[in-house]
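Here is the structure we will look at.
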Amino acid sequence: MNQPVPSETYAAQVRRLADVSERVHAQREEARAWHERQCAAADRAVAEAEERVRRAERDLAEARELQERVDAEVAHLWQQFRERLGAAGRRLAEPPAPTSGVDADPVLLLDRVRELLDRTRKPGELPGSTNPLLALCGVAGAVLAYALGAAARAAGVGYGGDLAVGMPVLALVVTLFGPLVGLVPAKVLADRRHAVLGPRPMMVVLAAGLVTTVVLLVAGR
């Protein structure tokens, strides 16, 4: 026959069952909370990853746009550089390839190149070393004008009549314009040297031409 279970043993078993149920419930709640935390962390990680992807896509689009602008500006500046070189620039077909390992801002580099081209585009004044050539231009202009004046006077004497009166006056006017005639070859000299014929070079030409004209007029009397 079965022996009856003592009441204290039954009560202890009920307590143990209650304790086990309580621990299972607590562990279940803890597992549920852990799962929710893991899901929330995973959602945050996914959201952050998606945001990083969006930022990367924006950065990539901006980088491509910057590259297009830089390439267009490089092509424009390269064309200006070729035009500045003239015939020698025709042998330069394409701009040089980009240099790797350069961390400088390409926009700043292009600004410097543009400033350099702007400075080279503006011609300067002829240097002082060209003063002898400028003086020679003035002398040559004065001599040419005096020779034309002498020819006019000779023509007036040869033809006689009214020409004999008018040609000496014309000859004097042509001779007095002699210093200005020297500015023509001086301008050619400045153009060949990609410079401007400024006030100082003009004064050198005019002074040399004026002195030559006075000397020729005095000597021709």
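The values are calculated or read from the model by the stated rules, or taken from the named source; none is laboratory data. Just so you know, these numbers come straight off a predicted model, no measurement behind them. Every residue, glycine as well, gets a Cβ built from its backbone with ideal geometry; the counts of neighbours run over all protein chains shown. Please note that ligands, DNA and RNA were not included when accessible areas were found on the heavy atoms of the full protein model with its side chains. Shrake-Rupley method; radii C 1.70, N 1.55, O 1.52, S 1.80 Å.
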Going through the stretch 174-221 in order, the residues found to be more than 19 Å from T130 (Cα to Cα) and open to solvent by 20 Å² or more (accessible area, probe 1.4 Å) are V174, L176, F177, V214, V215, L216, L217, V218, A219, G220, R221
Residues in the stretch 175-201 that are in contact with a Gly (Cβ under 8 Å, 6 or more places away or on another chain), in a helix (DSSP H, G or I) and either at pLDDT below 85 or on the phi > 0 side of the Ramachandran plot (or both) total 3
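Inspect the stretch 132-142 for any residue being at pLDDT below 80, of a type outside the set (K, R) and buried (at least 16 other Cβ atoms within 10 Å of the Cβ) and give the result as yes or no.
Step one: list which residues in the stretch 132-142 are at pLDDT below 80, which gives none.
No, because not a single residue in the stretch 132-142 is at pLDDT below 80, of a type outside the set (K, R) and buried (at least 16 other Cβ atoms within 10 Å of the Cβ).
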Those residues of the stretch 130-156 which are among the β-branched types (V, I, T) and either within 10 Å of T212 (Cβ to Cβ) or without any contact (Cβ under 8 Å) to a residue 60 or more places away in the chain (or both) amount to V139, V143
